[in-house]
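Here is the structure we will look at.
The values are calculated or read from the model by the stated rules, or taken from the named source; none is laboratory data. Computed from a predicted structure; not experimentally measured. Cβ placement follows ideal geometry from the backbone for every residue including glycine, while neighbour counts extend to all protein chains displayed. Keep in mind that these areas ignore ligands, DNA and RNA; they rest on the heavy atoms of the full protein, side chains included. Shrake-Rupley method; radii C 1.70, N 1.55, O 1.52, S 1.80 Å.
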Amino acid sequence: MLKPISTPTRELVNLDGVWRFAIDSRAGAEPWTGLLGTPLEAAVPASYNDLFVDPEIRDHVGWVYYQREVRVPRGWGGERVLLRFDAATHAAKVYVDDELAGEHVGGYLPFDVDITDRVAAGERFRLTVAVSGDLSNETIPPGKIEVGMNGKKKQTYFHDFYNYAGLARSVWLHSEPKTRIADVTVVTGFEGATGSVDWTVVTDGVDEARVRVSLSDAAGAPVATGQGASGSLTVPDVTLWQPGAAYLYELTVELLDEGDSVIDSYPVAVGVRTVEVRGHEFLINGEPFYFTGFGKHEDTAVRGKGHDDAYLVHDFQLMEWSGANSFRTSHYPYAEEVLDFADRHGIVVVDETAAVGLNMGVVGGMTGTPPFPTFSEQYAGAATQAAHAEHLRALITRDKNHASVVMWCIANEPASNEEGALEYFTPLVELARELDPTRPLTYAMVMFATFKNDRIIELFDVVSLNRYYGWYIATGDLATAETYLHGDIQGWIDRTGKPIMMTEYGADTQPGVHSVWDQAWTEEYQVDYLAMNHRVFDRFPQFIGEQVWNFADFATSNGIHRVEGNKKGVFTRDRKPKAAAWALRARWRGLEGRKPGSDGSTGAGSGEVTGADGADG
Ligand code: BDP
């Protein structure tokens, strides 16, 4: 399923704007039909939760309805006509006038609904989309709906970020030719100065031999051409896609008829680069790469998880300002606009699934003792695993051609220490490797999963640690925290010999709170906490990166240990720097993608390499 774009053979109409909106109990009988009788309107794209003042809407469990009229452009007769939802969180039913035209489950990935036979070129139809934010043991992420003493349904889930719901990304009406390019996969490589672009094209309704591909450079000059459903193009004097120095070629794929006229045309941006794990190193283009950056969230005031291009640009500006060369799409796939931007700007992405909360241990609090086994029919059983596999497949299908994506993160903090973890993850890892043999795999490891009890690390390529020594453990005692962290990393090195990175470390910080002592929540403590972590990381040559939790403060569900959300942001929710932002900037801009103390012969960027002492500033 290719992203809808305007090409010589494809057109699209953006359906973003203000739609009629109602929650199910106020929309009339189920199944709902007709015009929504509602005074409310909701912005698309945006999560609906924070748009209104009514608490019934904010924490609604069940379906909500979005509705608008759509006109099919009059020139689209004879074309396939599709609706594309970049995301409907977490499930959707799509109605054309009063008829159900399609359904989808999975909140953070796109889907198309083919409405060719239901609409006519030049005519108008009423589009209604029912969206559900409900989470269960058959969804990714999982959750549970309970009925409270007041008789109302209540959603619970096992992650801290707020379960925003709705049409959080763009909606499109688009056309494709009936004979079409259905999918394109690109794999790149290079030897010396010569690059290679291997392509595979899947077509629908035509002999595969009628494919023509042409590669042009960033200035549009032709580089190479080829024929057929698959093959390899040679790129002389290749300019590589590098972290911090993006360079994109364009591969134009065309389908030809008997007379060589173009039936369908689709361009793909191609960054020529390689990714490999060798020993304890993570290599991009054959050179060791050191990740600096953040775990992020798609999260802003009022729009919730709604995609916003202004925040996209500003967040990347702040990442660049702070010297970050990478981020993780914690804890779900982000909007495609984000990855396109990362491709164009040379920011490296660890692309994570929405499999967050596969861990009953979190219910046990700091003891990590699950009330019942995580990997059982009571919680993450066969249905969850099937949903996880489907989600992984959809993620890799969507993001496989992005040069910025260098690794798949299959889950955040699963109970990898529990019985059943190996059986649960083995088929998922096999699936990921079959779908994409080129990228390393990882999972972000919860603190209860230790080098002594984790059961699945051998399946993966990179050890990614989420560790909060000095925050949840040894709070305010950085000396003890330092000892724990050192021992933890050393243990993973001894057990695995694999590259190790920190995918989460952070301390909640209320901007404006200060102390001369090691006091939790102060800006100074966040700085000192990070500096302690960095001191430890810098001791280990096996350490390949640091991604702070979190880029910015973000909304969470109600909870006694959260005051107006999670405050581990280095920036506030409205993107103001805390003191830690300046400290990271001093360290990372000195590092320039290299590890302190390294000899400076390899790495992502150019510039001066500072030693640990000087860089900790
Ligand atoms: C980790 C989770 C992350 C939380 C973080 C925290 O991966 O989603 O926000 O803890 O507690 O366990 O701040």
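Within region 16-39, restricting attention to residues that are open to solvent by 50 Å² or more (accessible area, probe 1.4 Å) and at pLDDT 90 or above, the residue that is nearest to the chain's Cα centre (by Cα) is Val18.
Those strands (runs of 3 or more DSSP E) of region 233-334 in which at least 2 residues are in contact with a Ser or Thr (Cβ under 9 Å, 6 or more places away or on another chain) and within 16 Å of the ligand (Cβ to nearest atom), considering only elements entirely within it, cover 291-295. With respect to the stated conditions, Asp574 is surrounded by fewer than 19 Cβ atoms within 10 Å (Cβ to Cβ), assigned to a loop (DSSP other than H, G, I, E, B) and at pLDDT 85 or above.
Quickly run through region 544-564 and pick out the residues that are modelled with pLDDT of 95 or more, within 13 Å of the ligand (Cβ to nearest atom) and in contact with a strand residue (DSSP E or B) (Cβ under 6 Å, 6 or more places away or on another chain).
Answer for region 544-564, where residues must be modelled with pLDDT of 95 or more, within 13 Å of the ligand (Cβ to nearest atom) and in contact with a strand residue (DSSP E or B) (Cβ under 6 Å, 6 or more places away or on another chain): Gln547, Val548, Trp549, Asn550, Phe551, Ala552, Phe554, Thr556.
In the set (1) within 16 Å of the ligand (Cβ to nearest atom); (2) within 28 Å of Ala479 (Cβ to Cβ); (3) buried (at least 23 other Cβ atoms within 10 Å of the Cβ); (4) touching a residue at least 60 places away in the same chain (Cβ under 8 Å), Arg587 fails one condition alone, (1).
Please go through region 446-485 and give me each residue that is of a type in the set (D, E, K, R) and either away from the ligand (no atom under 15 Å from the Cβ) or over 20 Å from Phe291 (Cβ atoms) (or both), ordered by number. So that I can check it myself, show each step before the final result.
If we filter region 446-485 for residues that are of a type in the set (D, E, K, R), which is where we start, we get 452, 454-455, 458, 461, 467, 477, 482.
Within region 446-485, Lys452, Asp454, Arg455, Glu458, Asp461, Asp477, Glu482 qualify.
Could you check how many residues of region 105-124 are surrounded by fewer than 21 Cβ atoms within 10 Å (Cβ to Cβ) and under 21 Å from Ile140 (Cβ atoms)? Break it down into steps so the answer makes sense when it comes.
Initial filter on region 105-124 (surrounded by fewer than 21 Cβ atoms within 10 Å (Cβ to Cβ)): 105, 111-112, 114, 116-118, 120-124.
Within this subset, residues satisfying the condition of being under 21 Å from Ile140 (Cβ atoms) are 105, 111-112.
Summing the residues that are surrounded by fewer than 21 Cβ atoms within 10 Å (Cβ to Cβ) and under 21 Å from Ile140 (Cβ atoms) in region 105-124 gives 3.
The sole residue among Thr38, Thr89, Thr33, Thr7 that is under 12 Å from Thr128 (Cβ atoms), polar (S, T, N, Q) and in contact (Cβ under 8 Å) with a residue 60 or more places away in the chain is Thr33. Each residue in region 158-202 was checked for being in a loop (DSSP other than H, G, I, E, B) and not charged (D, E, K, R), and 13 pass. Residues of region 137-157 that are of a type outside the set (Asp, Glu), touching a strand residue (DSSP E or B) at 6+ places or on another chain (Cβ under 9 Å) and not in a strand (DSSP E or B): Asn137, Thr139, Ile140, Pro141, Pro142, Gly148. Take the conditions (1) outside any loop (DSSP other than H, G, I, E, B); (2) over 20 Å from Phe282 (Cβ atoms); Lys568 misses just one of them, which is (1).
Can you confirm whether Glu258 is free of Cβ contacts under 8 Å to residues at least 40 places away in the same chain, of a type in the set (D, E, K, R) and in contact with a helix residue (DSSP H, G or I) (Cβ under 9 Å, 6 or more places away or on another chain)? When the stated conditions are applied, Glu258 passes them.
Taking region 70-103 as the range and being in contact with a Leu (Cβ under 8 Å, 6 or more places away or on another chain), in a loop (DSSP other than H, G, I, E, B) and under 16 Å from Asp16 (Cα atoms) as the test, the residues that pass are Val72, Ala87, Ala88.
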